[in-house]
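Comments concern the structure below.
The values are calculated or read from the model by the stated rules, or taken from the named source; none is laboratory data. These figures come from a predicted structure and were not determined experimentally. Here the Cβ is made from the backbone with ideal geometry for all residues, glycine too, and neighbour counts use every protein chain on show. Keep in mind that these areas ignore ligands, DNA and RNA; they rest on the heavy atoms of the full protein, side chains included. Shrake-Rupley method; radii C 1.70, N 1.55, O 1.52, S 1.80 Å.
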Number of protein chains: 2
Amino acid sequence: MPSAVSGERVTIYDVAQAARVSTATASKALNDTGRVSLETRDRIKRVARELGFRPNSLARSLTRKRSFTVGLLTNDTYGRFTLPLMAGISEGLIDHGVSVFLCAIGDNPDLARIHVDAMLDKQVDGIIATGKRIDRPLPVDLAHLSVPVVYALMAGPRDGITLVPDDRQGAGDAVRHLLAQGRQRIVHVTGPSEFDVVHERALACKQALVEAGVSAEDNVLFGSWSEHWGHQAVDVLWSGAEKPDGIFCGNDQIARGVVDALRERGVNVPGDVSVVGFDNWEIVAKETRPPLTTVDMNLKELGRQAGLALVRLVNGEAVETGVWKLPCSLIIRSS
Amino acid sequence: MPSAVSGERVTIYDVAQAARVSTATASKALNDTGRVSLETRDRIKRVARELGFRPNSLARSLTRKRSFTVGLLTNDTYGRFTLPLMAGISEGLIDHGVSVFLCAIGDNPDLARIHVDAMLDKQVDGIIATGKRIDRPLPVDLAHLSVPVVYALMAGPRDGITLVPDDRQGAGDAVRHLLAQGRQRIVHVTGPSEFDVVHERALACKQALVEAGVSAEDNVLFGSWSEHWGHQAVDVLWSGAEKPDGIFCGNDQIARGVVDALRERGVNVPGDVSVVGFDNWEIVAKETRPPLTTVDMNLKELGRQAGLALVRLVNGEAVETGVWKLPCSLIIRSS
DNA sequence: GCCATATGGGAAACCGGTTTCTCAAATTGA
DNA sequence: TCAATTTGAGAAACCGGTTTCCCATATGGC
C-alpha cells in the first residue's frame, strides 16, 4: 500500500511499487533519461512527489562515480580569507548539487595527509586548495592526485589552475586614486618583503607613480602586517624631512595603525594626508576614523569562480590553465 | 596478476583476488570481524597494504547506513565564531573518520532548506547548528529531522543538546579580576539589550559586584557591538560626576573603542582605569594599546565537545540533554 | 497481410563494499 | 571409532540507486 511510511526513508523501490513500474523505469522517469512515455513519466514523478522521495545521494554516487562533493583545504587558521572564499564556492556550487568538505589543516603535514586521504576515500570529485600565504604551498603534495585540483590564493603548479586577486590592478587603482586626490608625495607602507604579494603590490605602486610622472624613489617601507607597524612607519616618515601626503598600505591593519598614528600627531586624514588600505576587512576598515578607503579582493567572487572552474574540470571540459587574475575593487570611504 | 594497476582505484575485489580469497573473507579480515584465521587475516592485510587498498567510503556507507559525515550549519557570515568552532569539531572528529560539510546559509530560509536537504540526501549522520546570535534560531526547523542535531552557540529546543560558553562564569571572572586590581567603581559597557548574552553577562557582573559588597547601581550601558559605541560610552561616562575606575566590556571591539577613547582623553590604562574585554579576538585584543585583558570563550574546545557529543548521539549512546555551559578563560594582558 | 522499425518497459547486472547463511573440514569428546 | 562441535571460508543477498540489453507490442511501408 503506497502511503507515507513514517521514519524510514522512501526509496526508489517504494516509488516504483506505488507507481506499479520497475525501479528501472522509475529511475529513468525521474532522471528524464531512457525511453518512458510522457504519461508514465508524469505519473511516476507525481507519485515520487507525493511520497516525498529523495534519492540517496550515496547510492547514486556509487554508480555514477561522481560524489557531487568537493574538498576545501586551507591552512588559514584564522578564517579571514577562507570564509568569504568558502561562501563563494558554496554559492557557486549549490546549483550543481555539490557540497563542500572544509578542512583546516594548519601547517601539519601529517594532518594534511590524513584529511586528504579522508577526502579521497569519500570520493570527492575535486579539491580546492587555499591558504593565507599565496607563495607558500600547502604542506602536502596535491600534484599527483586522481582528482582535479584548483588553487585559490595560493601558488599551484605551472600546468594547474590558480585563481588570485589581481594585486597589480588593485594596487594600481589605489595609487591612481591617491593621485586623483592631488597627492604627489606617495609612499607605500607594506608587509614583510618575503611575501610575493608585497612585491607585486609595491611594483604596481611604483609603476603607477612613474606613469603619472611622479617620484617613486625610496618610497616603500617593508614591515609586518600589523597595526603596530603602521604606527612605527608613521614615526619613521614623520621624522624625515619630506613628509608624504598620500599613503598606500599593504593591508587594512597597517592602514589602521597609520591613520591612528596620524591622528595622534594632529595630522588630518584626509585633509593633510590620504590613506588607502588593502583587503577591505570591514571590521577594521569601517571602524577606522575616518572609515578607510581600501581595496576589496572580491574573495567571494573568486571562490565562486574557483568552484565553477573545478566542476568544469570534473566534467572533463577544457579549462584554461595558468594563473587567473581576478579584478579587485576600490572601495572609497573617507580616508 | 596482482600488480599496482595505475590510475584505477584498488577495490576489495582486487585484494581478494590477489590474496586468493573471496571478497567476503577479505572484508572480514580487513575489518577484524567474522571468522578468519590469523594467518589468512595477516596475509590479506599485507596484500591490501601492498596494493595500496583504500576502501571506497561511499560503498561502505551504503551498507553500514553511516556516512561518517556531519553537517555544520551556520549563519555567521563572518567566520569570527564559526571557524574556530569548525576547527575544534574537525579536530574532535577526525579520529572517528568523520568529515564535516560546512554550509553558510546566512538568514535565507530557502537557502537553508536547500542546504539541509542536500545534507540529508548525502546521508549526514548528524548536524551541528551554530550562529552568531545565541538567541536567534536558524531560519530553518531542525527539530524533526531524522538525524540528531547538536546546537552550539545557539538556542536549541529544550530536549536537545546545546553547548554554549559559560558567560556567567566568564563575566564573573572578568569582574572579579577588576576587583582584585583594587577597582571599586566598575561599569559594564555592553551590546544591544536584545541579546540574551548581554543580560547574562550583565547579571553575572552585578552579582559579582554585590558579592564583593561593591555598588552595582546603574552601572550597565547598553549599546552596539562596535568600537564606535565604546567611544560614545566613554563620552557619557566621563561627562558624569563619578568616573569609573574599572570597565568591563561586552566584547573586544567595544573594549578597543573604550581604551582608545580613554587614551585620547589622557586617561591612563591600566594606571587610572582597568579595562577587560570579551571574546579574545586576538586581532583586536593584541593590537589594542595596551594589549587587552579579555575573556576567551574557548570556542575550539566547545567545537570539539559538540562534535564528540554528536557522534555519541549518532552511536545511540545516552547523552545528557539540556544546555552545557563550557568554561571561559580570562586572558590577562596589560589593560 | 506481412515484414521492418519504433516504442515502452522490465530483468538483470552493476557500483564496491558488508553481512548472513551455509557447508566442508578439522577438532573434540566419549 | 564415530558422532558432536568448532572453525575457516565462500556463495549469495543486500544497501539504493543506474544502465545495459532484451523483448513484447504498436506502428509504418509496400
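Numbers for the structure displayed
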quantity	calculated
Cα-based reach from B:Lys28 at 20 Å (exclusive), listing aspartates and glutamates while leaving out same-chain residues under 8 positions away	A:Asp121, B:Asp14, B:Glu39, B:Asp42, B:Glu50
Simple label model, 7 Å out from Cα along Cβ direction - B:Leu203 to A:Arg185, nm	5.9 nm
Buried on assembly, region A:91-110 (at least 20 Å² less accessible surface than by itself, 1.4 Å probe)	A:Ile94, A:Ser99, A:Val100, A:Phe101, A:Leu102, A:Ala104
Given charges at beta-carbon only (K, R positive; D, E negative), |dipole| of region A:235-335 in Debye	180 debye
Accessible area (Å², 1.4 Å probe, nearest 10) - A:Arg256	10 Å²
At 7 Å out from Cα toward Cβ: A:Val210 inter-copy label distances (nm, ascending)	7.1
Rough spin-label spacing in nm, given labels placed 7 Å along Cα→Cβ, for A:Asn31 and B:Thr77	3.8 nm
Relative contact order of chain B, defined on C-alpha pairs under 8 angstrom at six or more residues apart (%)	17 percent
Listed residue pairs exceeding 29 Å between alpha carbons, taken from A:Lys65/B:Lys300; B:Lys206/B:Lys243; A:Lys206/A:Lys243	A:Lys65/B:Lys300
Note, ³J(HN,Hα) from phi for region B:295-307, Karplus 6.51, -1.76, 1.60, rounded to Hz, x at Gly and Pro	9, 9, 7, 6, 5, 5, 5, 4, x, 4, 5, 4, x
Shielding of A:75-85 by partner chains, average beta-carbon count, 10 Å	4
Cα gyration tensor, region B:158-234 - rounded (a/c under 1.5), prolate or oblate	oblate
Cα gyration tensor category, rounded, prolate or oblate, for region A:167-296 with a/c compared to 1.5	rounded
Largest-first ordering by accessible area, 1.4 Å probe, given options A:Arg168, B:Arg304	A:Arg168, B:Arg304
Positive-end residue, chain A charge dipole about Cα centroid, Cβ charges, pick of A:Ala208, A:His228, A:Ala59	A:Ala59
Pseudo-label separations to other copies for A:Gln184 - Cα-to-Cβ vector, 7 Å, nm	6.0
Helix axis angle, A:82-94 relative to chain A longest principal axis, alpha carbon, degrees	30 degrees
B:His177 accessible area, 1.4 Å probe, all protein chains in place, Å² to nearest 10	30 Å²
Point-charge dipole on Cβ atoms (K/R +1, D/E -1) for region A:77-138, about Cα centre, debye to 20	260 debye
Prolate/oblate/rounded call for region B:131-176, Cα gyration tensor, a/c under 1.5 rounded	prolate
The protein assembly as shown, dipole about Cα centre (Lys/Arg Cβ +1, Asp/Glu Cβ -1), debye to the nearest 20	2520 debye
Residue-span extension gain [A:Glu211 to A:Arg158] - 0.36 nm each, minus C-alpha spacing	16.0 nm
FRET efficiency estimate (nearest 0.05) - Cβ-Cβ, A:Arg64 to B:Leu38, R0 35 angstrom	0.35
Protein heavy-atom accessible area occluded, B/A pair - total, 1.4 Å probe, Å²	4500 Å²
Solvent exposure ordering (accessible area, 1.4 Å, most first) of B:Glu282, A:Glu50	A:Glu50, B:Glu282
Mean separation of Cα contacts under 8 Å (6+ apart) over length of region A:12-55, as relative contact order %	40 percent
Cut-off 10 Å between beta-carbons: net charge of the residues surrounding B:Glu282, Lys and Arg +1, Asp and Glu -1	-3
Percent RCO, i.e. relative contact order, over region A:176-245, from Cα pairs under 8 Å lying at least 6 residues apart	43 percent
Net charge of neighbours whose Cβ lies under 11 Å from the Cβ of B:Val36, counting Lys and Arg as +1 and Asp and Glu as -1	+2
Of all DSSP beta bridges in chain B, antiparallel share, percent nearest 5	10 percent
Accessible surface of B:Thr77 - all protein chains present, 1.4 Å probe, nearest 10 Å²	90 Å²
Share antiparallel - DSSP beta bridges, the protein assembly as shown, percent rounded to 5	10 percent
Using alpha-carbon coordinates, inclination of helix B:38-51 to the longest axis of chain B, degrees	70 degrees
